Amino acid sequence: MESADTEFKAPSQIGDRSTSDVVVRLRTQEGRDEWLYCHSHILVDKCKYFADRLSENWPTCQILDSRNCVEVYCQESDFDYHVNVLRLLYVVTDGSVDDMWCGVRNAVGILRVAVVLDCPQIVAACFNYLEAVPWEDGEEEEILRIIPSMGAQAEPVLARLQPVNPSAIRGLFLSAIRFATSSPLSHLKDLKSTAQEQLEYMITEDDDGPILTTDDEIKSEVKECVKILFTGFSNLLEAMLCDHIHSNSEEEKLQLFKSHLSDLLWACQILTKMEIMREFVGSWVDASDKIVKVVQQERSTAEMVETKFKVIEVASKVLETIGYGTVILPTTKRLHMLKVWLPFVRVTKPLVDSLTANDEDTVEFKIDGELWQSLESTFVSIVLALPSMDQAEILSEWLENEHIKYPDLTEAFEVWCYRSKVAKRRLALYGGSLV
């Protein structure tokens, strides 16, 4: 009796023909047919499907190689997963198979089969594994396709994909906006860029709604952070004009200036999405003369041309909000912006074009081809919104300038001519007064 018990408790191994008492015959429609020599006590104990198939209640029982036979039909793509499930039945205990999954995709495949065959220990082990390991993008999509239908047991696996509490989103956003508008050390530059990208993503509406609803409190915090950012930029402008930065080389000063411009360009994107550009526009208008003076006093090296282009990128965002009425400014300030930025853009565009034409492969900054066209349209809009006398002044200067090709103010000239010619008749017709 003792000898029999010892023999019964000896570890069984799948494929051990000498001790097996059941054959699991895996078959596919493509004709694949494999016999796996198994042990009924393991199959019955750990898998409800086999427990049912090998019970006395099952209507028929096939015999193969003098053993009970259970035929299992499966898709070709699931064949190896069925084999793996059978092998795992021989080794699975809580926590004993953590290193046997061979990756997320394999674990998901095994899980699908284990659920169908009703193998609770393997299912639990699969869930434990998938909950703990990282997923790649394709694996995540596979998990989302399969696991949500598996009930409450799948909830820990899906926890990382669940919507986040709004208060947690607000907290993360506010922490990120403070970091993104700070002046961290150079070795944190990449982290700062990532924070800026993700902040913009959080408030962007695409196929999905924005993660965060920007209420008055959020907008107030963003405006305050951008104000601090612009204050740092203004301080740098003053220092560069007064040449107070003696400790830094010219190159280091330029890099710091470019870094500020990149931050301001990003800030424009955020503020535009939130519809809170007014204060930024006011600050840029007030600083415009100093900005142009700083970049014009430097030598026109390739790096300086890149810096001037970055200045134009930010200026274009500001001019666009003015030109299309997003931010309303008095006539004097709109005219001043034209007198500052029209000459600067005229002179800078040929430098940028020359640099990109001669060194297209070595130019490090990206040129947005639509920027020039958009900026030209913006200039036309701003000109046409000015009093006709101011328009005449701007157009006269444009026609006498050697850089007449860009920006092309032909449309504004044509409209001015038409308005001027018919002004008396139109105003008289509609009862207006003439100056």
Query raised in the report: For Val44 and Asp289, what is the calculated FRET efficiency with R₀ set at 60 Å and r taken between the beta-carbons, to the nearest 0.05?
Result: 0.10
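Sorting check: for 277-288, 346-357, which peptide has the highest mean count of neighbouring beta carbons within 10 Å, and how do the rest follow? Walk me through the intermediate numbers first.
Details: 277-288: 18.8, 346-357: 15.8.
Packing order, densest peptide first, comes out as 277-288, 346-357.
Counting residues in the chain as N, plug N into 2.2 N^0.38 Å and put the Cα Rg over that result. Don't skip to the end; give the middle numbers.
Working: Rg = 36.1 Å, N = 435, 2.2 N^0.38 = 22.1 Å.
Working it through for the chain, the quotient is 1.63.
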Requested in this report: Compute the accessible area per residue over the chain, keeping the other protein chains in place, probe 1.4 Å, unit Å².
Outcome: 57 Å²
Requested in this report: Calculate how steeply helix 137-146 sits against the longest principal axis of the alpha-carbon atoms of the chain, using the helix alpha-carbon long axis, and give the answer as 0 to 90 degrees to the nearest 10.
Outcome: 50 degrees
Query raised in the report: Got the relative contact order for the chain handy, in percent, Cα pairs under 8 Å and 6 or more residues apart?
Result: 8 percent
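Out of every Cα-Cα pair in the range 12-90, what percent are more than 16 Å apart?
Tail fraction, whole percent: 49.
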Report summary line: The long-range amide H neighbours of Val22, using H built 1.01 Å from N in the peptide plane and a cut-off of under 5 Å, are Cys38, Ser40
Requested in this report: Quick one: order Met150, Met389 from most to least accessible surface, probe 1.4 Å.
Outcome: Met389, Met150
Report summary line: Accessible-area order for Lys317, Lys293, largest to smallest, probe 1.4 angstrom, reads Lys293, Lys317
Report summary line: Of every hundred units of 1.4 Å-probe accessible area on the chain, the number belonging to carbon and sulfur atoms, as a percent, is 50 percent
Report task. Provide Met100, Met337 ordered by accessible surface of protein heavy atoms (probe 1.4 Å), highest first. Result -> Met100, Met337
Query - Label-point separation in nm, Glu200 to His187, each point 7 Å along Cα→Cβ - result: 2.7 nm
**Report entry** Relative counts (whole %) of C-alpha pair distances in the range 131-244, using bins that are 5 Å wide
**Finding:** 2, 9, 14, 15, 15, 14, 10, 8, 5, 3, 2, 1, 1, 0
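How long is the gain from Glu370 to Thr356 if the chain were fully straight, where each residue apart is worth 0.36 nm and the alpha carbon distance is subtracted? Before the final figure, lay out each step's value.
Numbers: separation 14, 0.36 × 14 = 5.04 nm, distance 1.52 nm.
Separation in residues times 0.36 nm, less the Cα-Cα distance, equals 3.5 nm.
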Query raised in the report: Taking H as built 1.01 Å from N, whose amide H comes closer than 5 Å to the amide H of Glu71, not counting residues under 5 places away?
Result: Arg25
Report task. Could you check the simple spin-label distance between Tyr73 and Lys333, using points 7 Å along Cα→Cβ, in nm with one decimal? Result -> 7.8 nm
Query raised in the report: Can you pull the accessible area of Leu144 for me, 1.4 Å probe, Å² to the nearest 10?
Result: 80 Å²
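The values are calculated or read from the model by the stated rules, or taken from the named source; none is laboratory data. Keep in mind the model is a prediction, meaning the values are calculated, not measured. FYI the Cβ positions are ideal-geometry reconstructions off the backbone, even for glycines, and counts take in every protein chain you see. Heavy atoms of the whole protein, side chains included, go into the accessibility calculation; ligands, DNA and RNA do not. Shrake-Rupley method; radii C 1.70, N 1.55, O 1.52, S 1.80 Å.
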